[in-house]
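Read the structure below first, then the notes.
The values are calculated or read from the model by the stated rules, or taken from the named source; none is laboratory data. The structure presented is a predicted model; accordingly, all values stated were derived computationally and were not measured. Neighbour counts are summed over all protein chains in view; Cβ atoms, including those assigned to glycine, are modelled from backbone coordinates with ideal geometry.
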Amino acid sequence: MRDRLFFPVIALTALAMVVIALVWPQGLGDRSPGPFGHVPTQRTPAVQAAMQRETKAANQRVNQARQAVSDLQSQAIAPTQ
C-alpha cells in the first residue's frame, strides 16, 4: 500500500477511535460525558444493596470457617470426653 493512502487511512482510523471513545457508553465504569452518559450499573441502589448483602454473607462464612478451625484445634489440644 502506498504511503499516500496508508497514513491518511491510519489518521482517520485513529480519529474515529477517539470519537467513539468519547461517546461510547462506559458500562460499569464512570459516566460518559454529555448526553451520552448513564448511571453506572454498580452505583444503583439495588446493586449497592446486593453487594452489601453479598459482602456480609461472605464475611459470615469466613468467620464460621475460622470458628470451626479454632474449635477443631482446641479439641485436638485438649479433647473432652
Condition met for Leu22 (in a helix (DSSP H, G or I) and modelled with pLDDT of 90 or more): no
Six or more apart or on different chains, Cβ atoms under 9 Å: show the pairs whose first residue is in region 32-48 and on the phi > 0 side of the Ramachandran plot and exposed (fewer than 10 other Cβ atoms within 10 Å of the Cβ) and whose second is modelled with pLDDT of 65 or more and of a type in the set (A, V, I, L, M). Gly34/Leu22; Gly34/Val23
Any residue in region 1-25 that's within 26 Å of Pro40 (Cα to Cα): show its pairings with residues that are outside any helix (DSSP H, G or I) at Cβ separation under 8 Å, as long as the two are six or more apart or on different chains. Leu22/Ser32; Leu22/Pro33; Val23/Ser32; Trp24/Ser32; Pro25/Ser32; Pro25/Gly37; Pro25/His38
